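Some notes on the structure that comes next.
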Amino acid sequence: MADLSINLAGIQSPNPFWLASAPPTNSGYQVQRAFEAGWGGAVWKTLGEPIINVTSRFAGLNFGGQRVFGFNNIELITDKPLEVNLKEMDETKRRFPKHTLIASLMVEHKQEAWHEIVKKVEAIGVDGLELNFGCPHGMAERGMGSAVGQHPDLIRQQVEWVKEVAQTPVIVKLTPNITDIRFTARTASQGGADAISMINTINSLMGVDLDKWLPIPHVDGKGAHGGYCGPAVKPIALNMVAECARDPKVGIPISGIGGISDWRDAVEFLLMGATGVQVCTAAMHHGFRIVEDMIDGLTNYLDQRGIASVMDIVGKAVHTYSDWGHLNLNYKVVARIHEETCINCNKCHIACEDTSHQCIDIVPDAATGKERLVVREEDCVGCNLCSIVCPVEGTIEMVEIPSDKAPLSWNQRQAALAAGGSCEL
Amino acid sequence: MSIPNELAKNFAEVVPALKPMEAIHEANRCLYCYDAPCIKACPTSIDIPSFIKKIATGNLFGSARTIMESNPVGASCARVCPTEELCEGACVLNSASKPIMIGLLQRHATDWAIQNQATLFSKGEANGKRVAIVGAGPAGLSAARELARLGYAVTVFEAKEKAGGLNTYGIVSFRLPQEISLWEVEQVEALGVEIRTNTRVGEDVAPEELLEQYDSVLLAAGMGKVPQLHIPGEDLEGVLDAIALVEETKTKPLSEEMLGKKVVIIGAGNTAIDAATCSKRLGAENVQILYRRTVQEMSCYQFEYEFAKQDGVEFRWLVAPTRVLEENGRVKGLELVRMELGEPDEKGRKRPVEIPGSHFVIEVDYVVKAIGQNRHLSLIEAFGLQHRNGIVEVEEGTYRTSHVKVYAAGDVIFGGGKTDAMVVDAANHGKRAAHAIHQSLRDQKQPV
């Protein structure tokens, strides 16, 4: 059986599945239940000055009959005194010494405040710290959370303050509510962070009640933007992780967060450079027990490929992620429809006809009296749209058409033209 | 097409497997309930939401292992369990929508394991102890699998040529193809379990020998032949045993003897339905199930009743056979008497009472007896076990018999009634008996 243990910037964990700092990690009772269920680690719900929460805090986005494709919340950091949290963290760490316990921290922009809280949480034996520079609601209005994560200078300053006293590895959790996350990731790295975690939640308004004309959720007739997460944000998170993983100026390990719901999602994040993953929405939807299939599925995936350790797949696909300017303009794929499994819904035809390149014909077949869907390959631009809308997996295959031309990217082409050469596509 | 080919088509599995897309859609429809009622409704407590979730995440290996972990004959049960009375009947979606197709999803995952020749389990480290199991049916196999994983050297004694018991021989191929049962047998053998086929305990091996040579013995011998009707003409050619009839269709080339014939089945239980649909598919022109009570008292499942009706089987209530009529030494007709329902019996079922002078005769070519099965009384007594009318008495929870070394599971301990004697119950008994044996042998003091 494959070894699932990880080492993230010096933090050891029995497996790559951690609970993210959020409602599921609010108490010792919850985190201990999670460890019993099999989670390798947990990032405790953010510690700081206790806050007052509102009621009506979460909303879910359902899509096509499936619940919780997206999720948002306006809950703030811990509402318990620091001493209570520290006592429960201490108990938890004693009961589960091999599991990874990370303290998430958020205090005001003062050196003493950071020093004080770091010393207090490290005194009870946490395995690492996560600085919450990501929370987009409430705390940001008070100059913390994403208000810090949107200012590279503030990030660097606060990381430096933490590193002045920290004995354990420091992870910086970044907000996605920013134009280019690499800039904040770089300053975290410059400030001395040992790792970064991403993404925190995205600013969102989940909906509007059609009858009451009120935001969803609302608090006594008023709503405010909340942090968006869940399966729907996965592609955004995965891109940010991959961009940071391939950026040499970032250069520190990444803990991946954002819509991870099963072992497959986890493998994608690991391949794109995350050393471990953090999960919240899927656990909130189904309970801590989902980790069983995450562990089982990941183990089977590695075993079936003869891979001895999960660390062996970390970052293995990062080199395949690049800029558009490096993509080969001479690569060509076309759609091919497998008629034996085609159910003639004609969705590929209408998608292509109305919204892409008009190359899938509906052709009457005299022999059978039925209609066939036929791709005019010479006109197909290989956009994938038909295979995306096709409801039967594997029926429309995108097939590579070998090219007799050498690979040529836009950047190479422009460079050749600038050098006075000619360049044929 | 020649007739045997035509008949063979009738014996191909009737219910189609889920298509890949269907399986994914259905798996994603499962709510993944916590403390799910489907798990509680399953006698072997398969973690159903978990195996379905694994189908949804593409972890089919894990899904099959979850199923087979709880139920060593989970591939057969996916096909023969009365799911609407068990897991699917308990599905919370019954009240909000339609229940999840749990049986078919279970088949989807186990079919994957069969097709991919997946090795799901490995044997435990040898602990030096030996257990003999009498009977390689669902209960025996289930116990053997568990004991092998716990490190026991297990020998299974099986009277028939192949292992699998009822699943291999007694359930019609169009519901349960033999290769499914034989795959489950292979899974058990792969753990080092020795299955001695063609070996009948009590004839080829003496019970005392097992008691001497093994640390524990599990009696899981199932049941025997269909009992006598005790009516004149019963020995005529054309009077058949339902179990034997089904077995023939699973072990020999399909017979053409029933083509165009009139067949009656006596009895209305699970085996009666199998025998009736089997006869129909062997080409019988007319098949009637004769039952001395009414539709309400039948012990077959509702889905079996529906299936038989769709196969064109006719049902005649409130009649009992009184005499088989002969012509040239074989069955020519059957004399019946009409019945009415009287006072309830000890099980609460209304007792059928003969209506005097209501005899009549029907023309038939075959009479198939499906009125239950005999118990292996001599075997039970050879082990010196306490029993009630051939039902071995066991301690609740441990399956230990009156003999300290002997445990019993499956049909040998079933007491009759509507909801028992299912394959899945036998599997559960075998599994639990294995753990009780382990508990007892582990606690036993080592000899000084």
Of A:Lys163/A:Lys234; A:Lys110/A:Lys163; A:Lys110/A:Lys222; A:Lys173/A:Lys234; A:Lys45/B:Lys53, pairs whose Cα-Cα distance is over 24 Å
A:Lys163/A:Lys234; A:Lys110/A:Lys222; A:Lys45/B:Lys53
About its Cα centre, what dipole magnitude does segment A:324-418 give when the only charges are +1 on Lys and Arg Cβ and -1 on Asp and Glu Cβ, stated in debye to the nearest 20?
360
Can you tell me the mean projection area, over all orientations, of the convex hull of segment A:341-403's alpha carbons? Units nm², please.
4.7
When the charge dipole of segment A:324-418 is computed with +1 at the Cβ of Lys and Arg and -1 at the Cβ of Asp and Glu, the Cα pointing farthest to the positive end, of A:Ala351, A:His326, A:Gly382, is that of A:His326
Show log10 I(q)/I(0) for segment B:239-369 at q = 0.09, 0.16, 0.18 Å⁻¹, two decimals, from a solvent-free Debye sum over equal Cα scatterers.
-0.26, -0.80, -0.99
Which of A:Ala193, B:Val156, B:Ile266 sits farthest toward the positive end of the charge dipole of the protein assembly as shown, with +1 on the Cβ of Lys and Arg and -1 on the Cβ of Asp and Glu?
A:Ala193
Phi-derived 3J(HN,Hα) across segment A:198-207 with the Karplus relation (6.51, -1.76, 1.60, θ = phi - 60°), rounded Hz, x for Gly and Pro, is 7, 10, 6, 7, 9, 4, 7, 10, 6, x
Quick shape summary for segment B:16-115, equivalent ellipsoid via Cα gyration tensor, semi-axes whole Å in descending order, reads 18, 15, 12
Checking the cross-link filter: which aspartates and glutamates have an alpha carbon closer than 12 Å to that of B:Lys347, excluding same-chain neighbours under 8 positions apart?
B:Glu297
Please state the equivalent ellipsoid semi-axes for segment A:57-200: what are the square roots of 5 times the Cα gyration tensor eigenvalues, largest first, in whole Å?
25, 21, 14
Here the whole-number average of other chain Cβ atoms within 10 Å per Cβ of B:51-64 is 5
Which GluC sites (Glu not before Pro) from segment B:238-341 combine a DSSP loop assignment with at most 16 other Cβ atoms within 10 Å?
B:Glu256, B:Glu257, B:Glu285
What helix-only [θ] at 222 nm does chain B give? Using -39500 (n - 2.57) per DSSP H run of at least 4, over all residues, to the nearest 500, the answer is -10500 deg cm²/dmol
Can you list the lysines whose alpha carbon is less than 17 Å from that of A:Lys347, not counting same-chain residues fewer than 8 positions off?
A:Lys370
For segment A:337-374, run through the GluC sites (Glu not before Pro) and keep only the ones in DSSP coil with at most 15 other Cβ atoms within 10 Å of their Cβ.
A:Glu339, A:Glu340
Kindly rank A:201-208, A:14-21, A:49-56 from highest to lowest mean number of other beta carbons found within 10 Å of each residue.
A:14-21, A:201-208, A:49-56
Summing -39500 (n - 2.57) over every DSSP H run of at least 4 residues in chain A and dividing by its residue count gives a helix-only mean residue ellipticity at 222 nm, to the nearest 500 deg cm²/dmol, of -9000 deg cm²/dmol
Charges at C-beta only: +1 for Lys and Arg, -1 for Asp and Glu. How large is the resulting dipole of chain B about its Cα centre, in Debye rounded to 20?
900
On a straight-distance basis, which lysines could pair with B:Lys350 in a cross-link, Cα separation under 25 angstrom, same-chain partners fewer than 8 positions away excluded?
B:Lys309, B:Lys369, B:Lys418
Loop GluC sites (Glu not before Pro), segment B:88-161 (other Cβ atoms within 10 Å of the site Cβ: 14 or fewer; DSSP):
B:Glu125, B:Glu161
What percent antiparallel are the DSSP beta bridges of segment A:166-249, to the nearest 5?
65
Suppose a student asked you for the relative contact order of segment B:239-369, using Cα pairs under 8 Å spaced at least 6 residues apart; what percent would you report?
27
Charges at C-beta only: +1 for Lys and Arg, -1 for Asp and Glu. How large is the resulting dipole of segment A:6-320 about its Cα centre, in Debye rounded to 20?
180
Shielding score for B:112-118, defined as the mean number of other chain Cβ atoms within 10 Å:
0
In whole Å, what is the distance between the alpha-carbon centres of segment A:141-200 and segment B:8-78?
46
³J(HN,Hα), Karplus 6.51/-1.76/1.60, whole Hz, each residue of segment A:290-301, x for Gly, Pro:
4, 5, 4, 6, 4, 5, 5, x, 5, 4, 4, 4
Could you check what % of the DSSP bridge pairs in the protein assembly as shown are antiparallel, to the nearest 5?
45
Can you check what the Kirkwood hydrodynamic radius comes to for chain B, Cα pairs only, in Å to one decimal?
23.1
For B:Val353, the residues 5 or more places away or on another chain with a placed amide H closer than 5 Å to its own amide H are B:Glu340, B:Leu341, B:Gly342
Considering every Cα-Cα pair within segment A:6-320, what fraction, in whole percent, is farther apart than 25 Å?
45
Tabulate in residue order the Karplus-calculated ³J(HN,Hα) for segment B:50-61, using 6.51 cos²θ - 1.76 cosθ + 1.60 with θ = phi - 60°, rounded to whole Hz; enter x for Gly and Pro.
5, 5, 6, 4, 5, 5, 5, 8, x, 9, 5, 4
Apply the Debye scattering formula to segment A:91-173, with a single equal point scatterer on each alpha-carbon and no solvent, then give log10 I(q)/I(0) at q = 0.23, 0.25, 0.27 Å⁻¹.
-1.05, -1.17, -1.29
Can you say what percent of the DSSP beta bridges in segment B:239-369, counting only those with both residues inside, are antiparallel? Round to 5.
50
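No value in this document is a laboratory result; all are computed from the given coordinates. The structure presented is a predicted model; accordingly, all values stated were derived computationally and were not measured. With ideal geometry, Cβ positions are generated from the backbone for all residues, glycine too; neighbour counts draw on all protein chains shown.
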